[in-house]
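What follows draws every value from the coordinates through simple rules; no lab data is involved. As the structure is a computational prediction, the values presented were derived from the model and not from experiment. Glycine gets a Cβ as well: all are built from the backbone with ideal geometry, and neighbour counts include every protein chain shown.
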Amino acid sequence: MKKGLQRMIADIEREVEYTRSMIGRDRLDPRVMSVMSKVPRDKFVPQELKLAAFDNGPLPIGHGQTISQPYIVALMTDLLELEPDHTVLEIGTGSGYQTAVLSLLCKQVYTVEVVSELSESAAALLRQLNYNNIETRIGNGYEGWSEHAPYDGIIVTAAATHIPRALIDQLKPGGRMVIPVGLPYSYQELMLVEKDAQGETRTRSILGVAFVPLVEKRTPESNGHSVH
Ligand code: SAH
């Protein structure tokens with residue numbers, strides 16, 4: 001493993017330990033940690049920030065957006081409890097880093113990004129790095145992506161003011177969704193939504209977090225189109 005990645009993994013493990021009483025576990029799934037040690041985060045950050053690529057913090061990726069903190073990426077992925085035959089929906093492709101992590105743990109990832117430039121550059125990068133089970137789309141993920149629903153897992157990487165109804169509807173019975181919920185640029189909580197076999201949902205808060213806001217209004221772009 002590269003030195004930088006090694007340090008990043010150690011930092012994630014330490015933060016998991018610090019937060020274990022809140023997140024309810026002492027360590028994350030070894031499959032998740034193994035994937036975190038494989039995806040080259042340095043490829044997903046802007047050229048001038050390469051030196052900080054393996055720091056355990058978020059970094060700007062342009063358009064007022066950020067690549068999420070490695071610990072948060074690992075935790076959210078762990079909470080989804082992915083299996084190799086699962087299909088996942090991600091809202092907020094951003095750099096494509098979280099998308100790449102998901103893609104190594106499940107069968108297929110569908111990812112929606114509202115900023116077309118980010119979607120296009122993430123799609124090109126993911127293709128170049130040979131992640132082949134990912135389909136990207138430009139659009140407003142507030143409405144989900146009904147064409148491929150229902151999903152075993154849904155992950156939202158921007159903060160919503162409430163849990164969007166469409167996303168609950170697009171979750172399979174037995175499925176799990178992780179989503180930060182709260183006020184824009186203020187207090188937010190990472191929520192885990194579990195849908196049982198009968199279709200009943202149970203929601204619980206895992207941790208206080210800070211995400212960029214989810215665009216919730218419908219925009220002209222919301223009809224979107226696939227680019228990957
Ligand atoms: N997982 C990404 C996080 C990027 S930040 C990464 O680690 O790189 C969150 C992203 O969500 C931003 O790129 C933002 O443009 C996008 N976003 C915000 N609201 C959205 C919406 N309604 N639909 C799709 N993408 C959205």
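Taking Gly141, Gly92, Gly182 in turn, the Gaussian network model of the chain (Cα-Cα springs below 10 Å) assigns the largest fluctuation to Gly182.
Extension gain, Gln47-Arg31: 0.36 nm per intervening residue step, less the Cα-Cα distance, totals 2.9 nm.
Taking Cα pairs under 8 Å and at least six residues apart, what relative contact order does the chain come out at, in percent?
Relative contact order comes out at 16 percent.
Can you give the calculated 222 nm mean residue ellipticity of the chain, where each DSSP H run of n ≥ 4 adds -39,500 (n - 2.57) and the sum is split over every residue, rounded to the nearest 500 deg cm²/dmol? That calculation yields -8000 deg cm²/dmol at 222 nm. Does the stretch 1-150 come out rounded, prolate or oblate by the C-alpha gyration tensor, with a ≥ b ≥ c the root eigenvalues, rounded set by a/c under 1.5 and, if not, prolate when a/b is larger than b/c and oblate if not? Here the stretch 1-150 falls in the oblate category. Among Leu102, Leu118, Leu49, the residue with the largest mean-square fluctuation in a Gaussian network model of the chain, with springs joining Cα atoms closer than 10 Å, is Leu49.
Among the lysines of the chain, pairs at least eight places apart or on separate chains and with Cα atoms under 16 Å apart come to 8.
Placing +1 on the Cβ of every Lys and Arg and -1 on the Cβ of every Asp and Glu, with no other charges, gives the chain a dipole of roughly 420 debye about its Cα centre. The simple spin-label model puts a point 7 Å past each Cα toward its Cβ; for Tyr18 and Leu183 those points are separated by 2.5 nm.
How much FRET efficiency would the formula 1/(1 + (r/R0)^6) give for Met1 and Glu135, where r is the Cβ-Cβ distance and R0 is 25 Å, rounded to 0.05?
Given R0 = 25 Å and the Cβ-Cβ separation, E is 0.25.
Across the stretch 146-155, coupling constants 3J(HN,Hα) worked out from phi with the 6.51/-1.76/1.60 Karplus curve, θ = phi - 60°, read 5, 3, 9, 6, x, 10, 6, x, 10, 10 Hz, and Gly and Pro carry x. For the stretch 67-148, the square roots of the Cα gyration tensor eigenvalues, ordered a ≥ b ≥ c, give a/c below 1.5, which places it in the rounded category.
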